[in-house]
């Protein structure tokens, strides 16, 4: 199995500029008459999909797409080598920081919002990462 990440955005050019500047991704291909941009440089390909605000996310949807900030149980965590450097780069590219940096036994974490309302986190491991808090299984 391979994972692909698709991100709906209302402005494909602005989104491509943001994600390449903020996270060091590179433009791979333009697809579907320029309505999709493939970004490379992460462990999985990221596809930006041009989707107009208010358009239906799926056939029969009663609600249209909204790019207002919202909570979702599925979100993007970007593992970085240096959280402070990565945060400064993302903010300079147009991200908004949501709250302070949190220090945990496993690492450092900060929440961000891209210019299109999508939330994501920058995460930097400390020590052995999640192994610092892992529990044994009783199988």
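Each Cα pair under 8 Å and six or more residues apart adds its sequence gap; the mean of these over the residue count of the stretch 51-127 is a relative contact order of 30 percent.
Think of it as helices only: each DSSP H run of n ≥ 4 in the chain is worth -39500 (n - 2.57), and spread over all residues that comes to -5000 deg cm²/dmol at 222 nm.
Past the 25 angstrom mark, what percentage of all C-alpha to C-alpha distances in the chain do you count? The calculated P(r) of the chain puts 34 percent of pairs beyond 25 Å.
The long axis of helix 83-93 is offset from the longest Cα principal axis of the chain by roughly 20 degrees.
When N is the residue count of the stretch 1-67, what does its C-alpha Rg come to as a fraction of 2.2 N^0.38 Å? Please report the intermediate quantities before stating the final value.
Numbers: Rg = 12.6 Å, N = 67, 2.2 N^0.38 = 10.9 Å.
Normalised by 2.2 N^0.38 Å, the Cα Rg of the stretch 1-67 equals 1.16.
Once the Cα atoms of helix 12-23 and of the chain are each reduced to a long axis, what angle between those two axes, in degrees from 0 to 90 to the nearest 10, is obtained? For helix 12-23, the angle is close to 20 degrees.
In percent, what relative contact order does the chain have, based on Cα pairs under 8 Å that are 6 or more apart in sequence?
After rounding, I find 20 percent.
Roughly how many Å is it from the Cα centre of the stretch 3-32 to that of the stretch 66-88, as a whole number? So the two Cα centres are separated by 15 Å. Summarising the label geometry, the points placed 7 Å from Cα in the beta-carbon direction at residue 121 and residue 93 lie 1.9 nm from one another. Rg/Rh, computed from the Cα trace of the stretch 60-139 with Rh as the Kirkwood radius, has the value 1.09.
Values quoted throughout were computed directly from the atomic coordinates according to the rules given, and no laboratory measurement underlies them. It should be emphasised that the depicted structure is a prediction, and the values quoted were computed from it without experimental measurement. We place every Cβ from the backbone using ideal geometry, glycine too, and count neighbours over all the protein chains shown.
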